[in-house]
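Step one of this worksheet: look at the structure below.
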Amino acid sequence: MPDARKELLLDGQYSREEFVTISQGLVPQSPADKWFIYLEGEWLYFHRSASGSCIFQLQIAPNDDGYVADFLLVNQDPRQYRSLSDEYDVALVSYLVDAVLLGRFAPFPQPEHFAKDDHAKHQQHVMGLDLSGGLSLRLVNGNR
């Protein structure tokens, strides 16, 4: 994490079972995988896999009820990461933990100022997912 960073206070909680899963992290399996996530001590590190740049550090510390995530460091070096907003950074880290590490359904956070046509491109850039195919659902008349 470079010296140019921002500190954000959070209010997050994880159970002991969730922490065990989170602590396994994520090792990229192919060049398309955009994140390398690992736990070291009380810090969960989020690196871009291609550049190796540390983008986020989330502190997860034990407490009486499980684990608390109350402190996030965000890379502010514009050569490594361009933060869209504090809210977006928190939403992205939440998505990475919930959807990627814990395997929960969570919608990918989209910046409000992006046009809808740019949402898939943004998600592919951030997550490395090919969204050109995939499942498309729609509501039809005559539902049971």
For Ser53, what residues show an amide H to amide H distance below 5 Å, using hydrogens built from the backbone and excluding near sequence neighbours?
Arg48
In whole Hz and in residue order, list the ³J(HN,Hα) couplings for the range 38-44 that follow from phi through the Karplus curve 6.51 cos²θ - 1.76 cosθ + 1.60, θ = phi - 60°; x for Gly and Pro.
8, 9, 9, x, 9, 10, 9
Which net charge results when you count Lys and Arg as +1 and Asp and Glu as -1 among the other residues whose beta-carbon is under 11 Å from that of Gly12?
-4
Counting other C-beta atoms within 10 Å, which of Val68, Val27 has the fewest, and how do the rest follow?
Val27, Val68
Extreme residue, positive dipole direction of the range 5-127, given options Leu44, Asn63, Pro31 (C-beta unit charges):
Pro31
Taking θ as phi - 60°, what are the ³J(HN,Hα) couplings along the range 46-58 by the Karplus curve (6.51, -1.76, 1.60), each to the nearest whole Hz, with x for Gly and Pro?
10, 10, 6, 5, 6, 8, x, 5, 7, 9, 9, 9, 10
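Where a number appears in this text, it was derived from the coordinates with a stated rule and is not lab data. Worth saying up front: this structure is predicted, and the values here are computed from it rather than measured. We place every Cβ from the backbone using ideal geometry, glycine too, and count neighbours over all the protein chains shown.
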